[in-house]
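Trainee: Dropping a structure here in structure tokens format, bear with me for questions.
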Amino acid sequence: MASQKLTEYERQRLENIKRNAEMVAALKLHSKAATLSAATAKRHRTKTYKASPEKKPKTETPIVIRRSLRTRGMPPDSKGLPDDFSDNFDKTPKSVSVIKPQSPRVLCPISMVDAFSGDDETESNKMLVGTILSIAKETQVGVSVKDVKDEIFSEKGALGSCKSEGFESLGTEKVDESLSGKRKLVKGVVKNEYLDGLVKIEKSDQWLESLDLKPENVARLLPGRIMVVKFFPCSSVRMIAAGNKFGNIAFWNVDSNNEKEDGIYLYRPHTGPISGILIHQHSMSKIYSSCYDGFIRLMDAEKEVFDLVHSCDDTIFSLSQQPNNSETLYFAEGRGGLKVWDIRTGKSSKNWMLHEDRINTINFNSQNPNIMATSSTDGTACIWDLRSMSAHKLKTLKTVSHSRAVHSAYFSPSGSSLATTSLDNKVGIISGVNFEDACMIYHDNWTGRWLSSFRGIWGWDDSYIFIGNMKRGVDVISPSQKRSVMTLQSPEMSAIPCRFDAHPYEIGMLAGATSGGQVYLWTPC
């Protein structure tokens with residue numbers, strides 16, 4: 001059959017198609033589209049916890065249809081009220097105490113297997129216990145903390161070096177002995193005798209700008225709001241512990257190669273919000289946790305149990321330890337109370353009423369553990385000297401006042417400054433020989449009721465403070481410049497980070513936790 005002659009319209013249409021195909025080929029759009037589709041297919045899977053759903057048995061409630069006596073063909077009840085009804089009514093008290101339902105708290109030790117949430121609890125729990133025991137054994141027996149830090153920081157060159165004795169001070173300043181004893185204030189150098197080392201940070205702006213959030217360093221550890229996040233104080237394994245508002249505690253082994261578990265282990269040893277997690281560098285196999293339910297539990301990895309250390313009817317709002325003493329616990333109980341608990345005797349050795357409202361944080365000076373700082377909802381942060389405190393004498397060394405609740409008060413690594421975070425949209429910097437210099441820096445700290453409150457923490461020296469940002473970022477505040485100098489942001493951040501912790505041995509490793517159960521791990525490039 002003879003081919004039909006093309007019309008002018010069809011000829012122009014074919015020319016347009018040919019021209020468009022040549023343009024697409026010149027721009028290499030097909031190859032770019034193939035590359036994007038391949039990248040989307042290979043997108044990193046978000047790490048998350050695995051919790052086995054609890055199936056509740058269905059309870060069928062019988063339907064009761066109310067029918068009157070008349071419709072049921074029964075005579076009316078003509079008994080009426082009893083004769084002594086008025087007398088009994090007068091004797092009835094006006095206010096009847098409502099019987100409170102008993103708390104579901106378990107007043108006994110809980111095995112780690114029973115507290116585990118997820119599938120294959122025996123095998124998963126065994127893996128976590130083995131990891132924790134190996135870390136504790138290496139720190140106590142195998143290699144000293146000093147040797148590990150020397151090796152790590154010597155490889156990082158520009159980030160600094162570690163030494164345990166003897167260093168050249170860049171600047172010195174006399175300090176009042178009543179506050180922190182005899183020490184040298186070193187600018188740019190952090191010495192902590194209770195962490196067995198010295199970290200020198202050079203050209204901090206460069207490593208600060210190099211902080212990056214990689215997709216594999218993002219994980220959802222817990223359901224709900226995270227209240228506490230802590231690094232394990234070791235350099236051999238990157239391990240993080242976090243607690244949420246439902247009483248769960250999760251452990252994330254960032255270096256785990258187990259694809260089945262993602263290195264995340266979820267437990268539920270408490271029944272309320274977790275208020276504190278303690279991991280002491282000299283006893284990492286024993287992890288303390290406190291909760292709003294009034295319990296303090298000890299997770300003993302050797303015995304594989306969450307043991308009960310202390311229980312009370314009041315809420316425990318915070319938990320802390322001195323850096324040089326692993327046998328004593330300091331915790332805030334009730335409205336303004338602080339207790340000192342002796343672990344060896346299992347009794348409270350001291351009990352003080354320090355504030356008019358709840359104590360949100362307890363922190364100790366790294367250079368002089370006898371100096372303690374507390375922050376309270378009563379709008380104050382106080383510095384105390386434990387050596388001069390008694391039941392009849394409670395006098396602060398320094399009181400910092402805010403117009404709203406103070407959610408945190410942390411000493412700097414050198415111990416020469418104190419940073420407070422308040423709901424009045426202020427970050428306070430208290431410094432000086434006797435902490436007499438106070439500076440208030442504006443920062444939006446109004447998180448609302450659905451987010452955990454912001455708590456600014458110090459980095460690895462006295463140069464920067466890290467605090468959450470309502471625009472899904474991490475603000476970096478410079479105390480010397482008295483302002484926010486930069487904001488850490490990443491497309492991997494899908495929620496607002498509220499609680500932070502800086503790795504004690506890895507400069508630039510920063511963990512941020514959200515109210516959605518996620519943890520972001522920032523690391524230097």
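The values are calculated or read from the model by the stated rules, or taken from the named source; none is laboratory data. Note that this is a predicted model, so its numbers are computed, not measured. So basically every Cβ, Gly included, is an ideal-geometry build from the backbone, and we count neighbours across all protein chains shown. Calculation scope for accessible area: heavy atoms of the full protein, side chains included, ligands and nucleic acids excluded. Shrake-Rupley method; radii C 1.70, N 1.55, O 1.52, S 1.80 Å.
Trainee: Find the accessible area per residue for segment 454-525; the probe is 1.4 Å, ligands and nucleic acids are left out, and the unit is Å². Don't skip to the end; give the middle numbers.
Mentor: Working: 2200 Å² over 72 residues.
It amounts to 31 Å² per residue over segment 454-525.
Trainee: Run the quick spin-label model on Lys393 and Ser494: label points 7 Å from Cα toward the beta carbon, then report their separation in nm to one decimal.
Mentor: 5.7
Trainee: On to the next question. Could you give the nm distance between label points at Asp313 and Val433, where each point is 7 Å from its Cα heading toward the beta carbon?
Mentor: Each label point lies 7 Å from its Cα, and together they span 5.0 nm.
Trainee: Among 473-482, 341-350, how do they line up by average Cβ neighbours within 10 Å per residue, starting with the highest?
Mentor: Numbers: 473-482: 17.3, 341-350: 12.6.
Taking the mean over residues of other Cβ atoms within 10 Å, the ranking is 473-482, 341-350.
Trainee: Shifting gears a bit: With an 8 Å cut-off on Cα pairs and a minimum separation of 6 or more residues, tell me the relative contact order of segment 431-525 in percent. Don't skip to the end; give the middle numbers.
Mentor: Details: 173 pairs, mean separation 19.6, N = 95.
With pairs under 8 Å counted, the relative contact order is 21 percent.
Trainee: Mind jotting down the three principal axis lengths of segment 431-484 based on Cα atoms? Whole angstrom, largest first.
Mentor: Rounded to whole Å, the extents work out to 39, 20, 16 Å.
Trainee: In nm, give the distance between the simple-model label positions of Glu15 and Arg483, each being 7 Å from the Cα along the Cα-to-Cβ direction.
Mentor: 6.2
Trainee: Please tell me which of these pairs span more than 26 angstrom C-alpha to C-alpha: Lys245/Lys398; Lys286/Lys347; Lys347/Lys398; Lys47/Lys426; Lys245/Lys393? Don't skip to the end; give the middle numbers.
Mentor: Working: Lys245/Lys398 32 Å; Lys286/Lys347 18 Å; Lys347/Lys398 30 Å; Lys47/Lys426 35 Å; Lys245/Lys393 36 Å.
As for pairs spanning more than 26 Å Cα to Cα, those are Lys245/Lys398; Lys347/Lys398; Lys47/Lys426; Lys245/Lys393.
Trainee: From the protein chains alone at 1.4 Å, what is the descending order of accessible area for Val427, Val485, largest first?
Mentor: Working: Val427 5, Val485 50 Å².
Descending accessible area places them as Val485, Val427.
Trainee: More than 16 angstrom separation, counting every C-alpha pair in segment 285-379; what % is that?
Mentor: Details: 2450 of 4465 pairs.
Looking at segment 285-379, the distances longer than 16 Å represent 55 percent of pairs.
Trainee: Kirkwood Rh over alpha-carbon pairs of segment 216-311, then Stokes-Einstein at 37 °C and 0.692 mPa s: what D in µm² s⁻¹, rounded to an integer?
Mentor: Working: Rh = 13.6 Å.
Result for D is 241 µm²/s.
Trainee: One-quarter of the Cα convex hull surface for segment 393-525, in nm²?
Mentor: Numbers: hull surface 36.8 nm².
Averaged projected hull area, Cα only: 9.2 nm².
Trainee: If you count only protein heavy atoms with a 1.4 Å probe, what accessible area per residue comes out for segment 296-357, rounded to a whole Å²?
Mentor: On the way: 2770 Å² over 62 residues.
Result: 45 Å² of accessible area for each residue.
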